[in-house]
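A quick write-up on the structure given underneath.
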Amino acid sequence: MLQLYYAPSNASITPHILLEEMGLPFELKLVDRGNNAHKSADYLKLNPNGLIPVLVDGDLVLYETAAICLYLTDSHPQCGLAPAVGTVARAHFYKWLMWMTNTLQPAVIMYFYTDRYTSATDAASVAAIKAKTQERMGAMLKQLDDHLAHSGGPWMLGEQFSVLDIYAFMLGRWTRVWQGDPPAAQKASNRDAWPHLGPFMHRMLARPAVQRVVAREGLQEPVI
Ligand SMILES: N[C@@H](CCC(=O)N[C@@H](CS)C(=O)NCC(=O)O)C(=O)O
């Protein structure tokens, strides 16, 4: 059976939701971050980067969230969670998946782990990197918001729901509390300040597969 090494709200949430959406049997293996289990010798054998998630399928041990997503969608094409290879839709699918995994996600990581990106230890230097990263993130979230306005349907690929939507949901969730986006005054959360990303996040949250994962991972309010 497929095994997913996960920690609540970590990048593992994308393959976790994907597996639920696909209706595949899988086993969850909790990686206890509180005890630094992701840096243990046993875990480093699965992922030498010491990062979550990892997917195990028989002899296959796979890390990198986007690679896990592609493996699952490609090995189960009947689930219809990625466009067919060689199509224009697939080209846009690659573009957005790569953009999320190598542009948006690293910026989020830089924001949350700023100390890893500078040898400076004074609060002002760290705050300056955080502020700049947040500014860059604002432009990226706007790009996502603009895309959702013109995708031609409720999802990233228009009418076709895909793993891109799950990935975008994860990144949208991680950035939900950021200030400096469109003014969020009077809104339930900053997320609602985005005209297209906000409703998209609510559509995602309403999906039964997402609800199951939110409950299983014990995510606290506000979830988005
Ligand atoms: N590029 C990796 C990034 C994974 C990643 O950064 N995971 C985080 C949790 S969201 C993690 O394991 N952080 C622990 C650490 O950085 O020490 C992927 O997409 O799988």
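The values are calculated or read from the model by the stated rules, or taken from the named source; none is laboratory data. This one's a predicted model, so the numbers in the text were calculated from it and none came from an experiment. Every residue, glycine among them, receives a Cβ derived from its backbone with ideal geometry; neighbour counts consider all protein chains shown. Calculation scope for accessible area: heavy atoms of the full protein, side chains included, ligands and nucleic acids excluded. Shrake-Rupley method; radii C 1.70, N 1.55, O 1.52, S 1.80 Å.
Here are some notes:
- Relative packing of peptides 25-34, 167-176, 104-113 - highest average C-beta neighbours within 10 Å first: 167-176, 104-113, 25-34
- Length-normalised contact order for segment 88-207 - Cα pairs under 8 Å, 6+ apart - percent: 22 percent
- Bridge orientation summary for the chain: considering DSSP beta bridges with both residues in this region, about 65 percent are antiparallel.
- Compactness of segment 2-79, expressed as Rg and Dmax over alpha-carbon positions, Å: 12.0, 39
- Summarised in one figure, the compactness ratio Rg/Rh of segment 140-180, Cα atoms and Kirkwood Rh, is 0.99.
- Beta bridges assigned by DSSP with both partners in segment 2-79 are antiparallel in approximately 60 percent of cases.
- Using only side-chain charges placed at the Cβ, +1 for Lys and Arg and -1 for Asp and Glu, the dipole size of the chain relative to its Cα centre rounds to 360 debye.
- Largest-first principal axis extents, alpha carbons of segment 88-207, Å: 48, 36, 22
- Where the alpha-carbon atoms of segment 86-147 are placed on the principal axes, they occupy 50, 21, 10 Å, in descending order.
- Cβ-derived FRET efficiency at R0 45 Å, THR118 paired with GLU27, nearest 0.05: 0.70
- Which of MET22, PRO48, CYS69, positive extreme of dipole for segment 2-79 (C-beta unit charges): PRO48
- Percent carbon-and-sulfur accessible area, the chain, ignoring ligands, DNA and RNA, probe 1.4 Å: 56 percent
- With N counted as the residues of segment 3-136, its alpha-carbon radius of gyration over 2.2 N^0.38 Å works out to 1.21.
- Per-residue accessible area (protein heavy atoms, 1.4 Å probe) orders MET1, MET204 as MET1, MET204, starting from the largest.
- Per residue value of the accessible surface for the chain (all protein chains in place, 1.4 Å probe), Å²: 47 Å²
- Helical runs (DSSP H, four residues minimum) scored at -39500 (n - 2.57) apiece and divided by the length of the chain put the mean residue ellipticity at 222 nm at -14500 deg cm²/dmol.
- Fraction of the pair-distance distribution of the chain above 24 Å, Cα-Cα pairs, percent: 46 percent
- Radius 10 Å from Cβ of PRO53, net charge of other residues (Lys, Arg +1; Asp, Glu -1): 0
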